[in-house]
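Structure first, commentary second.
The values are calculated or read from the model by the stated rules, or taken from the named source; none is laboratory data. None of these values were measured; they are calculated from a predicted model. Note that each Cβ is placed from the backbone with ideal geometry, even for glycine, and that neighbours are counted across all protein chains shown.
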Amino acid sequence: MKKEEIIKIFKNGGVGVIPTDTIYGLVGDALSKKAVERIYEIKGRDKKKPFIVLISSIKDLKKFGINIQSQNLNILNKFWPGNVSIVLPCNNKKFEYLHRGIKAVAFRLPSKKFLLEILKKTGPLVSTSANLSYLKSAENITEAKKYFKNNVDFYLSGGTLRGKPSMLIKLNKNEEIDVLRGKL
């Protein structure tokens with residue numbers, strides 16, 4: 001499948017399974033409440049658990065009303081681009097469908113060139129591991145198809161991916177890093 005086709009599907013509210021910089025992701029337009037809710041349904045995910053939002057640039061955070069203080073910008077630049085998702089405050093009621101009432105969203109600026117090229121054209125995308133809730137992540141497209149069948153608009157193979165989900169960190173009020181998943 002060509003990159004232009006993928007971009008068109010995402011821009012039209014579609015959902016797909018793609019290789020991310022960590023594992024296969026079930027992905028859709030982060031600015032489309034309909035696409036986000038569709039992913040919750042497809043995955044069978046607890047509606048109280050927010051997804052990660054993939055961005056193409058730190059500037060994308062402004063789309064969510066997030067202004068980064070200069071001291072925090074140094075921390076973001078230390079981890080991004082890369083496989084670290086960072087939880088940031090997102091108080092805007094407009095994005096409640098993303099933060100699910102916790103008023104914070106995890107963002108990641110991936111390093112995978114192909115994914116960044118897509119993000120630059122589509123804007124931010126929500127991503128979650130490509131599996132039904134409580135089952136292991138799909139390591140290849142065959143496994144993803146067993147989970148989702150025809151419930152997604154496309155599958156993009158990236159071979160076998162046996163990575164781990166992104167590290168998840170949060171910047172606390174003392175400008176220190178709290179590790180929520182993984183290791184520093």
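Exactly one residue among T128, T122, T142 is in contact with a Gly (Cβ under 7 Å, 6 or more places away or on another chain) and polar (S, T, N, Q), and that residue is T128.
The lone criterion from (1) of a type in the set (G, A, S); (2) at pLDDT below 95; (3) touching a Phe, Trp or Tyr at 6+ places or on another chain (Cβ under 8 Å) left unmet by G159 is number (3). For the range 1-40, the set of residues classified as surrounded by fewer than 16 Cβ atoms within 10 Å (Cβ to Cβ) and touching a residue at least 40 places away in the same chain (Cβ under 8 Å) consists of M1, K3, E5, K11, K33, E37, listed by residue number.
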